[in-house]
Amino acid sequence: MDGATEMTDQAQRGTTLIAGALGVVGRAVLENLEAAGQPVVGLSRRQPDFGTGARFLSVDLSDRAACEAGLTGLEQVTHLVYAAVFEKADIARGWTDPEHVTTNLAMLSNLVEVLEQRAPNLRHITLMQGTKAYGIHMGPFRLPAREDDPRYMTPNFYYNQQDWLTAQQQGKRWTWTVLRPQLVCGFALGSPMNIIAGVGAYAAICRELGLPLRFPGGEPRTIELTDAALLARSIDWAGQAETAQNTIFNVTNGDVFVFAHFWRRVAAHFAMPTDVPHPHSLTRSMADKEVVWQRIVERHGLRQTTLAELVPSWSFIDYSMGYGSRPNDVILSTIRIRQAGFGDCIDSEEMFLGWLTRLQAERILPR
């Protein structure tokens, strides 16, 4: 591709605004677009802790006045990737809290309404959802879950956001796509839903205390994972493909995964012995381990982070590995997105180990 053609292609693809740009999904989208030379604007309350050429805005999306004042310089934006989310301190329990619904709906509506005023060439909005759309936190559901399955009893902020966005889009030139990944794996400091960092920190602390790496989760269950980098590519595809307009898609790695069966590879990765599983609450056992983590940071010359920054929610780690919950299998059908034109895939076990290796290379976890 010559220089003129590349500039034309970039102009056609436009500028992307990423809401929640420092979360696991948002950071992966940012890295993917920057690697392709695409202009990006990031929205986050925090400043980036890594090198980036993106322009960042710090705005409280739940505050309409703050959005009016702070969402500036967006005239060139053509695509919005909405990966922002408000979570309660107890993440899984908060999913049925009415405040969870009202706050998340306000965040989306505030941003989109202001963006419509200031980005006349807006073409597409990608809205992130997940398996809560099928009631994963409420109990078993029909497998494999399909995008047109009936809703279950509310509250669920996904439904409110989707209904609002669908109504808001009527008569507009822009289109939308909803993506539903399962247990996204990537890395971002301060992200409350970060299974990779949680597993890595738990392993490092066990090793520091001279303990074998025992699986802390519940009974084995079959799930799927979604690589953040793969998800970022699907978001880029959705923003350009006509077959993705005004449609909902499940998106996963393409295989299945069982944490309990994978655990021996985690132990081998960290060169640690393992033993029989020890189901227990990491929320409780990690509550007093900050001093241990700081000892690890000093001993191994890691980047200065607190354990709370690295793993803001151990309750999410408990939930993801099945501690204290029924071992319900969770399988999503991905035939719709494949038939529409996106068929990327990756081995989930290799992906998980790859993210652990990256955290070690960046001196977040000890080698």
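When residue 22 is evaluated against the numbered criteria (1) farther than 24 Å from residue 109 by Cβ; (2) touching a residue at least 60 places away in the same chain (Cβ under 8 Å), which criterion, by number, is the only one it fails?
Residue 22 satisfies all of (1) farther than 24 Å from residue 109 by Cβ; (2) touching a residue at least 60 places away in the same chain (Cβ under 8 Å) except (1).
Taking into account only those residues within the range 41-76 that are touching a helix residue (DSSP H, G or I) at 6+ places or on another chain (Cβ under 7 Å) and among the β-branched types (Val, Ile, Thr), which is farthest from residue 28 (Cα to Cα)?
Once the filter is applied, the top-ranked residue is 59.
What is the residue count in the range 330-348 for residues that are surrounded by fewer than 17 Cβ atoms within 10 Å (Cβ to Cβ) and part of a helix (DSSP H, G or I)?
Qualifying residue count for the region: 3.
With (1) without any contact (Cβ under 8 Å) to a residue 60 or more places away in the chain; (2) on the phi > 0 side of the Ramachandran plot as the list, and residue 154 as the residue in question, which single condition is left unmet?
Here residue 154 meets the rest and fails (2).
Select from the range 36-57 the residues that are over 17 Å from residue 15 (Cα atoms) and of a type in the set (Phe, Trp, Tyr) and list them in ascending order.
50
Taking residue 274 as meeting all but one of (1) among the polar types (S, T, N, Q); (2) crowded, with 20+ Cβ neighbours inside 10 Å; (3) not assigned by TED's automatic domain parsing to the domain that holds residue 32, write down the number of the exception.
(2)
Out of the residues in the range 142-164 that are among the hydrophobic types (A, V, I, L, M, F, W, C) and surrounded by 19 or more Cβ atoms within 10 Å (Cβ to Cβ), state the one that is nearest to the chain's Cα centre (by Cα).
157
Pairs only if they're at least six apart or on different chains, beta carbon under 9 angstrom, first in the range 49-62 and more than 14 Å from residue 32 (Cα to Cα), second part of a loop (DSSP other than H, G, I, E, B) and polar (S, T, N, Q); list them, first residue then second.
Matching pairs, first to second residue: 56/44; 56/47; 57/44; 57/72; 58/44; 58/47; 59/44.
Out of the range 228-269, which residues are touching a Leu at 6+ places or on another chain (Cβ under 6 Å) and not β-branched (Val, Ile, Thr)?
Answer for the range 228-269, where residues must be touching a Leu at 6+ places or on another chain (Cβ under 6 Å) and not β-branched (Val, Ile, Thr): 249, 250, 253, 257, 267, 269.
Which one of these does residue 149 not meet: (1) out of contact with any helix residue (DSSP H, G or I) (no Cβ under 7 Å at 6 or more places or on another chain); (2) farther than 30 Å from residue 60 by Cβ?
Looking at each condition in turn, residue 149 falls short on (1).
Report whether or not residue 241 is assigned by TED's automatic domain parsing to the domain that holds residue 80 and either farther than 22 Å from residue 351 by Cα or in contact with a Lys or Arg (Cβ under 6 Å, 6 or more places away or on another chain) (or both).
yes
What number of residues within the range 14-25 are part of a helix (DSSP H, G or I) and at pLDDT 95 or above?
Summing the residues that are part of a helix (DSSP H, G or I) and at pLDDT 95 or above in the range 14-25 gives 1.
The values are calculated or read from the model by the stated rules, or taken from the named source; none is laboratory data. Fair warning: this is a prediction, and the values are worked out from it, not measured in the lab. Quick reminder, even Gly has a Cβ in these numbers, built from the backbone with ideal geometry, and neighbours come from all protein chains shown.
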